[in-house]
Amino acid sequence: MQLFIRIVLTACFSIGVFGQDAMLCMGHYWTEDEANVMMKRFKSEWDDLSSWEKRADQIKQGIIEGMQLSKMPELSGNFNAIIRDKKVMDGYSVENIAIESFPGFYITGNIYRPTDQKDKHPALLCPHGHWENGRMREDMQIRSAVFARMGAIVFAYDMVGFGESKQVDHDIPIALLLQTWNSKRVLDYLISRPDVDNTRIGITGASGGGTQSFILTAIDDRIKVSAPVVQVSAHFFGGCVCESGMPIHRSEGHQTNNVEIAALCAPRPLMLISDGADWTRNTPQIEYPYIRKVYEGYQAEHKLEHVHFPTEQHDYGYSKRTAVYNFMAHHLKLNSKTIPYDKGYKEDFVTVLPREELLLFNSKNPRPENLLQGNDAVMTYLGFNGN
């Protein structure tokens, strides 16, 4: 949490660098009272499926235009994937991977795969939040391994500036764009694999990983199931530049928040996980009822689930993971019976690996020679000219 606070403060400092602060909605942009009133105002602006879809289109365009997604290069394939060091575990395997996000910029992570011999598997994107060790922390490894043993191909990948993704700083002003684009490229890559069933693709992450989950889900219908954990809030817009450092919530013609962005998942399956010790504490009263109204318009209430842990804190701990296991198993047709169960799922078959075994690049395996290095180099390449 200390790391998260440091990044929040850094992000706030970075707003002026990008020069879009007039339209930014960052951190605790509204009070809880203000957010309650705003959600009622939002609801007054639509009253049926047709009027919601008109609003939804405006929100989606606001995200795409606000993060300047059109500046990203048109790519077809060209992942130049580097995969090394396969480790076979109990019912799953782990490999270290990098794919090219755009020429000279790499996404680093790990691929977890089931050891069964099926031709096609569902796939899961697993972004992470602002915690030390990122994709290599214990809870991230555990959930990735469990999903793999259940039958999914899982790509756990670094936030920019975390783990092995050190080509730019995490507080680069276009962090939100880079992370969304990285998620899209991970999705592109998974769908390109011959062992992936592209009709069964899910995404889940907590905190900043939850933000990455609901933003990609909002703008890319190829995500079929989404479970953002401890992040969807009416009053909190994400405290980091990677979540709200570009104007995706507000423009001259509209105002929205992360509740409505998450609702763009409808009518696809969506699970909200909330707790009593962070900005999701009001989800049972505020955020969930609003999103449920959207799902009612599609006659799809059964595809929306919400689990609230009033005595828990901001994490992706055991109780939250196991709720998502059942949700993903149902909607992605995973086999949850491959996981030991005794009054709850048993995760002790997972081998938590040391950081060194999950790293792709080292003295024996150097980084590619075409690397763009530094904030200015990446921003200039993408047409932001380092400003």
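Scanning the range 20-42 for residues that are within 13 Å of residue 234 (Cα to Cα) and in contact with a helix residue (DSSP H, G or I) (Cβ under 7 Å, 6 or more places away or on another chain) turns up 25, 26, 27, 30, 39, 42.
Using the structure shown, decide if residue 285 is farther than 18 Å from residue 202 by Cβ, modelled with pLDDT of 95 or more and part of a loop (DSSP other than H, G, I, E, B). Give the steps one after another, and end with the answer.
On the way: farther than 18 Å from residue 202 by Cβ: yes; modelled with pLDDT of 95 or more: yes; part of a loop (DSSP other than H, G, I, E, B): yes.
For residue 285, the condition - farther than 18 Å from residue 202 by Cβ, modelled with pLDDT of 95 or more and part of a loop (DSSP other than H, G, I, E, B) - is met.
Report whether or not residue 165 is part of a loop (DSSP other than H, G, I, E, B), modelled with pLDDT of 95 or more and buried (at least 24 other Cβ atoms within 10 Å of the Cβ). Yes: the conditions hold for residue 165. Cβ-Cβ contacts under 7 Å between residues 6 or more apart (or on different chains), taken from a first residue in the range 308-331 that is of a type in the set (A, V, I, L, M) to a second residue that is in a helix (DSSP H, G or I), are listed as 328/147; 329/336. Residues in the range 168-197 that are of a type in the set (Ser, Thr, Tyr) and either more than 16 Å from residue 108 (Cβ to Cβ) or buried (at least 24 other Cβ atoms within 10 Å of the Cβ) (or both): 180, 183, 192.
Please count how many residues of the range 254-263 are part of a loop (DSSP other than H, G, I, E, B) and in contact with a Phe, Trp or Tyr (Cβ under 9 Å, 6 or more places away or on another chain).
Our first condition is that a residue be part of a loop (DSSP other than H, G, I, E, B); within the range 254-263, this holds for 254, 256-257.
Next, only the ones that are in contact with a Phe, Trp or Tyr (Cβ under 9 Å, 6 or more places away or on another chain) stay: 256-257.
The number of residues fulfilling the criteria is 2.
Sort through 277, 266, 329 and tell me the only one that's surrounded by 19 or more Cβ atoms within 10 Å (Cβ to Cβ) and in a loop (DSSP other than H, G, I, E, B). So that I can check it myself, show each step before the final result.
On the way: 277 fails: surrounded by 19 or more Cβ atoms within 10 Å (Cβ to Cβ); 329 fails: in a loop (DSSP other than H, G, I, E, B).
Among 277, 266, 329, only 266 is surrounded by 19 or more Cβ atoms within 10 Å (Cβ to Cβ) and in a loop (DSSP other than H, G, I, E, B).
Take the residues in the range 332-345 that are assigned to a loop (DSSP other than H, G, I, E, B) and without any contact (Cβ under 8 Å) to a residue 60 or more places away in the chain, then tell me which one is nearest to residue 266 (Cα to Cα).
Of all residues in the range 332-345, those assigned to a loop (DSSP other than H, G, I, E, B) come to 333-335, 339-340, 342-344.
From the residues that got through so far, the ones that are without any contact (Cβ under 8 Å) to a residue 60 or more places away in the chain too are 340, 342-344.
Working: 340: 32, 342: 34, 343: 33, 344: 30 Å.
So the residue we want is 344.
Just one of the listed residues (84, 137) is of a type outside the set (Phe, Trp, Tyr), without any contact (Cβ under 8 Å) to a residue 12 or more places away in the chain and out of contact with any Ser or Thr (no Cβ under 6 Å at 6 or more places or on another chain), namely 137.
With respect to the conditions (1) in contact with a Leu (Cβ under 8 Å, 6 or more places away or on another chain); (2) loosely packed, with under 13 Cβ neighbours inside 10 Å, residue 385 lacks only one, and its number is (1). When 93, 76 are checked against the criterion of being among the small types (Gly, Ala, Ser) and either under 21 Å from the mean Cα position of the chain (by Cα) or at pLDDT 95 or above (or both), 93 stands alone in meeting it. Evaluation of residue 313 against the conditions (1) in contact with a strand residue (DSSP E or B) (Cβ under 8 Å, 6 or more places away or on another chain); (2) surrounded by 15 or more Cβ atoms within 10 Å (Cβ to Cβ); (3) in a loop (DSSP other than H, G, I, E, B) shows that the sole unmet condition is (2).
Every condition in (1) in a helix (DSSP H, G or I); (2) farther than 16 Å from residue 125 by Cβ; (3) acidic (Asp, Glu) holds for residue 188 except the one numbered (2).
For the range 67-92, the tally of residues that are outside any loop (DSSP other than H, G, I, E, B), touching an Asp or Glu at 6+ places or on another chain (Cβ under 6 Å) and within 23 Å of residue 216 (Cβ to Cβ) stands at 1.
With the structure loaded, tell me whether residue 92 is in contact with a strand residue (DSSP E or B) (Cβ under 6 Å, 6 or more places away or on another chain) and either farther than 28 Å from residue 167 by Cα or not aromatic (Phe, Trp, Tyr) (or both) or whether it fails that test.
Details: in contact with a strand residue (DSSP E or B) (Cβ under 6 Å, 6 or more places away or on another chain): yes; either farther than 28 Å from residue 167 by Cα or not aromatic (Phe, Trp, Tyr) (or both): yes.
For residue 92, the condition - in contact with a strand residue (DSSP E or B) (Cβ under 6 Å, 6 or more places away or on another chain) and either farther than 28 Å from residue 167 by Cα or not aromatic (Phe, Trp, Tyr) (or both) - is met.
Note on the range 191-231: residues that are within 18 Å of residue 128 (Cα to Cα), touching a strand residue (DSSP E or B) at 6+ places or on another chain (Cβ under 8 Å), outside any loop (DSSP other than H, G, I, E, B) and not β-branched (Val, Ile, Thr) total 12.
Of everything in the range 64-77, what is touching a residue at least 24 places away in the same chain (Cβ under 8 Å) and either surrounded by fewer than 15 Cβ atoms within 10 Å (Cβ to Cβ) or within 15 Å of residue 183 (Cα to Cα) (or both)? Give them in sequence order. Before the answer, list the steps.
Narrowing the range 64-77 to residues touching a residue at least 24 places away in the same chain (Cβ under 8 Å): 64-69, 71-73, 75, 77.
Answer for the range 64-77, where residues must be touching a residue at least 24 places away in the same chain (Cβ under 8 Å) and either surrounded by fewer than 15 Cβ atoms within 10 Å (Cβ to Cβ) or within 15 Å of residue 183 (Cα to Cα) (or both): 64, 65, 67, 69, 71, 72, 73, 75, 77.
From the list 245, 297, 239, 253, which one is buried (at least 18 other Cβ atoms within 10 Å of the Cβ), at pLDDT below 95 and of a type outside the set (A, V, I, L, M)? Step through it out loud before you land on a result.
Details: 245 fails: at pLDDT below 95; 297 fails: at pLDDT below 95; 253 fails: buried (at least 18 other Cβ atoms within 10 Å of the Cβ).
Answer to the selection: 239.
The values are calculated or read from the model by the stated rules, or taken from the named source; none is laboratory data. Since this is a predicted model, take the numbers as computed values, not measurements. Glycine also receives a Cβ, built like all others from the backbone with ideal geometry; neighbour counts cover every protein chain displayed.
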